[in-house]
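**Q** Submitted below is the structure of interest, expressed as structure tokens.
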């Protein structure tokens, strides 16, 4: 994996098919080593800065545990834990942190900020989520799919339902395009990405033989799928006044048992990057029930808690795929 040493991971678009497959293979090997009790620490003495403009459960835990397992140390900087973007520019922060740390993780809003950190820090920068991309999540997802489907990745067909222009839909589409997979995005026309973004995905897909398509009819979108994937309908940082419009537009794309059965595939599994609004056991879920009279949004509790749901396997694989990134770029 020396060919990835020193590389930043800002999106999967800058990685080749073979490089992505190498990371997935390494992630599987590290997962087996951890579970088997024979993991070898390759990052002893390394230090990693974790910058979080947005709160997190899986990304923070994944980076911290992965680093700990491999002998590295982390410094967490939360939304109010540094001057970045407030009293100090991203460029200046990058030049400071690059002299103190071996790598930087950034979870925030602007993709440009992640790119600036990579440009000026002189060390690998990992995108833990921006408004444009979520590459560490997609690597975990593509690790998870073969664990539950007896097919190689290019033969897997999956569908994403909901906001077809959000960071997860676009990151999955780019990853699928790189790997030659079959993916449909089920969303209303108004929630498709901009034409230039679709054109770029199509360009990458043409080179790999991938089939990436957009479908307004949710029944057609899910037909034959091995996996149905969804995400929250309102991302962090978006105006909560948008809930009414999102619920009205996206409710037909809610993943329920009816839509699972519409795949025509009894082995279809359900995926979600989490957190999920599948019941009223959160303050947001409780508020939505009071305001709109619904107990679930992007996925029903029946599907989420069913044997067809593999969301917690995805969540665990966040740590293994992140560990693969750290080892490949720093080890």
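**Q** With (1) touching a residue at least 12 places away in the same chain (Cβ under 8 Å); (2) farther than 21 Å from residue 151 by Cα; (3) assigned by TED's automatic domain parsing to the domain that holds residue 244 as the list, and residue 269 as the residue in question, which single condition is left unmet?
**A** So the condition that residue 269 fails would be (2).
**Q** Can you tell me which residue within the range 215-226, out of those that are out of contact with any helix residue (DSSP H, G or I) (no Cβ under 7 Å at 6 or more places or on another chain) and within 21 Å of residue 188 (Cβ to Cβ), is surrounded by the fewest Cβ atoms within 10 Å (Cβ to Cβ)? It would help to see each step written out before you state the result.
**A** First, pick out the residues of the range 215-226 that are out of contact with any helix residue (DSSP H, G or I) (no Cβ under 7 Å at 6 or more places or on another chain): 217, 219-221, 223-226.
Next, only the ones that are within 21 Å of residue 188 (Cβ to Cβ) stay: 217, 219-221, 223, 225.
On the way: 217: 10, 219: 13, 220: 13, 221: 25, 223: 15, 225: 26.
Among residues in the range 215-226 that are out of contact with any helix residue (DSSP H, G or I) (no Cβ under 7 Å at 6 or more places or on another chain) and within 21 Å of residue 188 (Cβ to Cβ), the one surrounded by the fewest Cβ atoms within 10 Å (Cβ to Cβ) is 217.
**Q** Being closer than 16 Å to residue 326 by Cα, in a strand (DSSP E or B), out of contact with any helix residue (DSSP H, G or I) (no Cβ under 8 Å at 6 or more places or on another chain) and touching a residue at least 24 places away in the same chain (Cβ under 8 Å) is the requirement here; does residue 75 meet it?
**A** Details: closer than 16 Å to residue 326 by Cα: yes; in a strand (DSSP E or B): yes; out of contact with any helix residue (DSSP H, G or I) (no Cβ under 8 Å at 6 or more places or on another chain): yes; touching a residue at least 24 places away in the same chain (Cβ under 8 Å): yes.
Here the answer is yes, as residue 75 does meet what is asked.
**Q** With respect to residue 56, is the statement that it is surrounded by 15 or more Cβ atoms within 10 Å (Cβ to Cβ) and within 17 Å of the chain's Cα centre (by Cα) true?
**A** Spelling it out, residue 56 is indeed surrounded by 15 or more Cβ atoms within 10 Å (Cβ to Cβ) and within 17 Å of the chain's Cα centre (by Cα).
**Q** While we're looking at this one, here's another question. Does at least one position in the range 137-157 carry a residue that is in a strand (DSSP E or B) and touching a strand residue (DSSP E or B) at 6+ places or on another chain (Cβ under 8 Å)?
**A** Yes, that holds for at least one residue.
**Q** Further, regarding this structure: Residues being farther than 17 Å from residue 207 by Cβ and crowded, with 19+ Cβ neighbours inside 10 Å: count how many of those fall in the range 9-23.
**A** Let us first name the residues in the range 9-23 that are farther than 17 Å from residue 207 by Cβ, namely 9-10, 22-23.
So of that shortlist, the ones also crowded, with 19+ Cβ neighbours inside 10 Å come out as 9-10, 23.
The number of residues fulfilling the criteria is 3.
**Q** Go through the residues of the range 299-307 one by one and say whether even a single one is free of Cβ contacts under 8 Å to residues at least 12 places away in the same chain, out of contact with any strand residue (DSSP E or B) (no Cβ under 9 Å at 6 or more places or on another chain) and either within 30 Å of residue 17 (Cβ to Cβ) or not in a loop (DSSP other than H, G, I, E, B) (or both).
**A** No, that holds for no residue.
**Q** While we're here: Picking from 114, 110, 66, which residue would you name as being assigned by TED's automatic domain parsing to the domain that holds residue 127, in contact with a strand residue (DSSP E or B) (Cβ under 6 Å, 6 or more places away or on another chain) and touching a residue at least 12 places away in the same chain (Cβ under 8 Å)?
**A** Testing whether each residue is assigned by TED's automatic domain parsing to the domain that holds residue 127, in contact with a strand residue (DSSP E or B) (Cβ under 6 Å, 6 or more places away or on another chain) and touching a residue at least 12 places away in the same chain (Cβ under 8 Å) leaves just 114.
**Q** Could you please find all residues in the range 289-311 being under 14 Å from residue 244 (Cα atoms) and touching a helix residue (DSSP H, G or I) at 6+ places or on another chain (Cβ under 7 Å)?
**A** 292, 294, 297
**Q** Restricting attention to the range 79-111, and to residues there that are part of a strand (DSSP E or B) and modelled with pLDDT of 95 or more, which single residue is farthest from the chain's Cα centre (by Cα)?
**A** 103
**Q** Name the single residue that is nearest to the chain's Cα centre (by Cα) among those in the range 312-328 being in contact (Cβ under 8 Å) with a residue 12 or more places away in the chain and surrounded by fewer than 21 Cβ atoms within 10 Å (Cβ to Cβ).
**A** Within the range 312-328, the match that is nearest to the chain's Cα centre (by Cα) is 315.
**Q** How about the range 158-171: which of its residues are outside any strand (DSSP E or B) and touching a residue at least 40 places away in the same chain (Cβ under 8 Å)?
**A** 162, 163, 164, 166, 167, 168, 169, 171
**Q** For residue 248, which of the numbered conditions (1) assigned by TED's automatic domain parsing to the domain that holds residue 224; (2) at pLDDT 95 or above; (3) under 30 Å from residue 64 (Cα atoms) fails to hold?
**A** (3)
The values are calculated or read from the model by the stated rules, or taken from the named source; none is laboratory data. Bear in mind the structure is a predicted one, so any value in this text is a computation, not a measurement. As a convention, Cβ positions derive from the backbone with ideal geometry for all residues, glycine included, and neighbour counts pool all protein chains shown.
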